[in-house]
Amino acid sequence: MSEIKIHTKNLDLYYGDVYALKKVGMDIYRHNVTALIGPSGCGKSTYLKTLNRMNDTVAGVKITGDVFLDGEDVYGKGVDVTILRKKIGMVFQSPNPFPMSIYDNVTYGPRMHGVKKRIVLDEIVEKSLQDAAIWDEVKDRLKKPALSLSGGQQQRLCIARALATQPEVLLMDEPTSALDPISTTKIEELVSQLKRKYSIVIVTHNMQQAARISDYTAFFLLGELIENKKTQAIFSAPKDSRTEDYITGRFG
Amino acid sequence: MVDVLANNRKITDKKNRPFEKIFYSAIFIVAGLVLAMVIYFIAVILIRGLPAVTWSFLTTAPNPIKKTIGIFPSIVNTLYIIVFTLIICVPIGVGGAIYLNEYAKNKKFVRVIEFATETLSGIPSILYGVFGYVVFCLMFGLKVSLLAGIFTLTIMVLPIMIRTSQEALRSVPKSYREGALGMGATKWYMVRTILLPSSLGGILTGIILSIGRMVSESAALLLVAGGSAMYMPKGSILDQLSGSGSTLSVELYRYAYSRGDNQTAFGIAAVLIIIVILLNLLTRYIAERLNKK
Amino acid sequence: MTDNISIIGSNKSKNAVEKSMNIIFFVCGLAAVVCVICMTVYMIISGWPAIAKIGVFRFLFGQVWSPENSEFGIFPMILASFIATFSAIFLALPVGVLVAVFLAKLTPKRVSAPFRTLIDLLAGIPSVVYGLLGAILIVPLIFKLQTAAGLPQGGSLLAAVIILVIMILPTIISVSETAIRAVPKQYEDASLALGSTKLQSIFRATVPAAKSGIVAGMVLGVGRAIGEAMAVMMVAGNAAIMPEFLKPVRLLTASIPIEWAYSSGLHREALYGIGLVLFIFIMIINISLNTVLKKGGELRG
């Protein structure tokens, strides 16, 4: 078994009166892909957003329990969420490039974190776009608006944008749900490449996708973590009958 | 069932509906009359006013010895008031909108601010005049001056700036905010690099609407900034702003009402109408550019 | 890869900037509230002394306004303001709603778009320009009626009403049109499917559904009409006598700029008092507008 990157224990989350996460405890392993599956509203996206504290921006959220990144308490005293989010990058459900050029999208993060030198920025842009497998498609039009790209390209650009801040963990919130099958395949191949350098947590509603690309799979239901183990194990021999029902398509 | 609803008519039988026809024509006539009225008004202003608008009319001060009339001083006063009011009002208005849309967590407090904004926009300008006079001219000791006019108009156009900026900010997709914050941007960095550039067009619209309001304003300025523009403002900028002086609209009022000089009044009216038309075209142009994006 | 940066914040200046921006924006947001509170306070501070000295009842219901004789009764002006405002609304509302229906339902876009441009233009015309047009075009129209009634020719309540109708039309048209357009087309379709004609469907299904928006437009119109000073002052004749349609009248708003320049002492204070009365009327209108809007969802003119 590999090293633990993120450790959560007894994680409770309320949206106002709604009990959205119930005593969730699980580990995310370094340089692995962890898939979060479950029917919509089961808390998988909510859980994802507790890891980089994106839930802080929602009004009326109350979180208790532990989230540790490399042994440091994410909700502890003195934590700077901007550093946390630099270390834990995020890719959203639908592509959300900023209304600026492709180049400026990728350099947004590095500039924000203080990189100013043109040569360094150029290097980061090329490297990030290459890592996101979109360099060849856009290298001749870096100054073009990002919104002129196709949906699939936009999503890979968003991945490049997230990689440009040199994160260690990459959170992906249903990154292919708004994309066509061909773009989806490209992103899936990309994820398998990226796990060599990054620890990836991906929320997906698509069980085949989870089976194809993940090393670990966690099944959520009604805010509870039902089962979390190696992907092969969960798909071949689910322990819990509810997991089995979901995987075999009896509900959800 | 009742007989009235029996299906004894063919669908080709046309029912005669005289009331319907009269009503239809009434709507078209009313709409036509309103349209004709607007066109008539604009035509009257331009036809009666444009002959008075000469180069020297626009670029000189009134000269009682040569008996020539010029509106240049009031043009300068109008520009001063517009520029300095915007310098104060735009940051406050945009900042307030940013607070309402991005920072405020307490919904009750947001409602209080929004109610205050709406209240301000409903207060008629003559009351701004009374308030501005009591507070800025008397209490702050600014006397009747352009400066008092600038402060008074700042409060008056504040609701316009807040409302348009708020609408502009609202139209920025939530995903942009998430994207920036998710990369570790602080809120202020996100506002500065994503929100403000994306809502620039909307803020610009607010500025133009504010300019329109200031150009039209007369009642408040008559009380706080003075009723005539015979001379050019003199001295340093601060001296100039500390002196009294009327804007174009107030000047129109003075010529039409106090002096009975309708020729000059129509000349100024024509200038004002042209400004209003240009401002309208500008907002339309910006709106179209924004829609294309 | 740099796995060794701590997530514990060490950058004090970044936090300081973030905090101070928060405070700055908060202050900006507070500005509007502070302005409203200041206005309320100062309108009362400046307006109340005169009312107290003259006596609330004598000020509000006194029928004679004669500063030279220290008579400060504003009842004729209050009455004139109310009659002018409500007559204007009474005339402008049906016209405005009909034009709104015309724009929203009965014309193709290539007609309604330029039409709306002109209506926007009407809304942007300065009130002094309306005053000028009223004085030159509308006041003389009434001369004949005045002669027929044996009255001297001049400014009149009727002229003020007409100019107010024109000035509040754009507000009523645009707010009503927005409200009518916001009604789902299904209402109209359902009505059409029951065999009503297009007009019946519009006036029995769509317009009633847009009622709260139209009422909001009406209240906005009332606010604009009661607060208008310069235009009505230039056409109304400004005699502080009990209002009649063909006679000159003075409206509350107009009395402030008319006498401002040469007033002092109690006279000036009485003008502040008029300001306070007007302020109270406006606040009542604002609050009722707010309630109408809350009932009918978000819709602003």
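The values are calculated or read from the model by the stated rules, or taken from the named source; none is laboratory data. From a predicted model like this one, the values you see are computed outputs, not experimental measurements. No Cβ is skipped: glycine too gets one built from the backbone with ideal geometry, and neighbour counts run over all protein chains shown.
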Subject >> For residue B:135: the one exception among (1) within 12 Å of chain C (Cβ to nearest Cβ); (2) within 21 Å of the chain's Cα centre (by Cα); (3) farther than 30 Å from residue A:57 by Cα; (4) among the hydrophobic types (A, V, I, L, M, F, W, C) >> reply: (2)
Original post:
Restricting to the range C:174-200, what's the tally of residues that are at pLDDT below 90 and either part of a helix (DSSP H, G or I) or touching a Leu at 6+ places or on another chain (Cβ under 6 Å) (or both)?
Top reply: 12
**OP:** Of the numbered conditions (1) farther than 19 Å from residue B:185 by Cβ; (2) within 14 Å of chain C (Cβ to nearest Cβ); (3) among the basic types (Lys, Arg); (4) crowded, with 20+ Cβ neighbours inside 10 Å, residue A:77 fails exactly one; give the number of that condition.
**Re:** (4)
**OP:** Identify, by number, the condition in (1) under 13 Å from the mean Cα position of the chain (by Cα); (2) over 25 Å from residue C:117 (Cα atoms) that residue C:221 doesn't meet.
**Re:** (2)
Original post:
Of A:143, A:116, which residue is out of contact with any Asp or Glu (no Cβ under 6 Å at 6 or more places or on another chain), surrounded by fewer than 17 Cβ atoms within 10 Å (Cβ to Cβ) and either assigned to a helix (DSSP H, G or I) or touching a residue at least 40 places away in the same chain (Cβ under 8 Å) (or both)?
Top reply: A:143
**OP:** Could you check, for the range B:26-45, whether at least one of its residues is without any contact (Cβ under 8 Å) to a residue 60 or more places away in the chain and touching a strand residue (DSSP E or B) at 6+ places or on another chain (Cβ under 7 Å)?
**Re:** no
Original post:
Residues in the range B:44-71 that are under 22 Å from the mean Cα position of the chain (by Cα) and either more than 14 Å from chain C (Cβ to nearest Cβ) or in a helix (DSSP H, G or I) (or both): how many?
Top reply: 2
**OP:** Restricting attention to the range B:105-129, report how many residues are more than 20 Å from the chain's Cα centre (by Cα) and under 23 Å from residue C:255 (Cβ atoms).
**Re:** 0
Subject >> In the range C:201-215, residue nearest to residue B:24 (Cα to Cα) [restricted to those that are free of Cβ contacts under 8 Å to residues at least 60 places away in the same chain and either aliphatic (A, V, I, L, M) or outside any helix (DSSP H, G or I) (or both)] >> reply: C:205
**OP:** Could you look through the range A:59-74, keep only residues that are surrounded by fewer than 18 Cβ atoms within 10 Å (Cβ to Cβ) and not hydrophobic (A, V, I, L, M, F, W, C), and pick out the one that is modelled with the lowest pLDDT?
**Re:** A:60
**OP:** Out of B:236, B:242, B:228, report the one residue that is among the small types (Gly, Ala, Ser) and within 16 Å of residue B:61 (Cα to Cα).
**Re:** B:228
Original post:
Based on what the data block shows, is residue B:253 surrounded by 17 or more Cβ atoms within 10 Å (Cβ to Cβ), closer than 15 Å to residue B:216 by Cβ and within 24 Å of the chain's Cα centre (by Cα)?
Top reply: yes
Subject >> Any hit, the range A:78-93, residues being touching a Gly at 6+ places or on another chain (Cβ under 7 Å) and part of a strand (DSSP E or B) >> reply: yes
Original post:
Yes or no: residue A:83 within 14 Å of chain C (Cβ to nearest Cβ) and surrounded by 19 or more Cβ atoms within 10 Å (Cβ to Cβ)?
Top reply: yes
Subject >> Which listed residue is of a type in the set (A, V, I, L, M, F, W, C), more than 22 Å from residue C:263 (Cα to Cα) and either in a loop (DSSP other than H, G, I, E, B) or within 14 Å of chain A (Cβ to nearest Cβ) (or both), from C:16, C:32 >> reply: C:16
**OP:** Considering only the range C:126-154, state which residues are of a type in the set (Gly, Ala, Ser) and within 11 Å of chain B (Cβ to nearest Cβ).
**Re:** C:127, C:131, C:134, C:135
Original post:
Looking only at the range A:157-176, which residues are over 13 Å from the mean Cα position of the chain (by Cα) and assigned to a loop (DSSP other than H, G, I, E, B)?
Top reply: A:165, A:166
**OP:** Restricting attention to the range C:99-116, report how many residues are part of a helix (DSSP H, G or I) and either touching a Cys at 6+ places or on another chain (Cβ under 7 Å) or more than 7 Å from every other protein chain (Cβ to nearest Cβ) (or both).
**Re:** 11
**OP:** State which residue is farthest from the other protein chains (Cβ to nearest Cβ) when the search covers only the range B:77-110 and only residues that are not in a helix (DSSP H, G or I) and not small (Gly, Ala, Ser).
**Re:** B:106
Original post:
For residue C:280, all conditions in the list (1) among the aliphatic types (A, V, I, L, M); (2) within 12 Å of chain B (Cβ to nearest Cβ); (3) touching a residue at least 24 places away in the same chain (Cβ under 8 Å); (4) surrounded by fewer than 23 Cβ atoms within 10 Å (Cβ to Cβ) hold save one; what is the number of the exception?
Top reply: (3)
Original post:
Does residue B:226 satisfy the condition of being outside any helix (DSSP H, G or I), free of Cβ contacts under 8 Å to residues at least 12 places away in the same chain and within 12 Å of chain C (Cβ to nearest Cβ)?
Top reply: no
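Table: residues versus (1) within 14 Å of chain A (Cβ to nearest Cβ); (2) in a loop (DSSP other than H, G, I, E, B); (3) modelled with pLDDT of 95 or more.
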{"site": "B:155", "(1), (2), (3)": "no, no, yes"}
{"site": "B:158", "(1), (2), (3)": "no, no, yes"}
{"site": "B:161", "(1), (2), (3)": "no, no, yes"}
{"site": "B:165", "(1), (2), (3)": "no, no, yes"}
{"site": "B:175", "(1), (2), (3)": "yes, no, no"}
{"site": "B:179", "(1), (2), (3)": "yes, no, no"}
{"site": "B:185", "(1), (2), (3)": "yes, yes, no"}
{"site": "B:188", "(1), (2), (3)": "yes, no, no"}
**OP:** Return the residue satisfying two criteria in turn: it lies in the range A:86-112 and is without any contact (Cβ under 8 Å) to a residue 60 or more places away in the chain and within 8 Å of another protein chain (Cβ to nearest Cβ), and of such residues it is surrounded by the fewest Cβ atoms within 10 Å (Cβ to Cβ).
**Re:** A:99
Original post:
Just a yes or no: is a residue in the range C:185-201 under 21 Å from the mean Cα position of the chain (by Cα) and buried (at least 20 other Cβ atoms within 10 Å of the Cβ)?
Top reply: no
Subject >> Filtered residues of the range C:67-98 (kept if outside any helix (DSSP H, G or I) and in contact with a Phe, Trp or Tyr (Cβ under 8 Å, 6 or more places away or on another chain)) >> reply: C:71, C:72, C:73, C:74
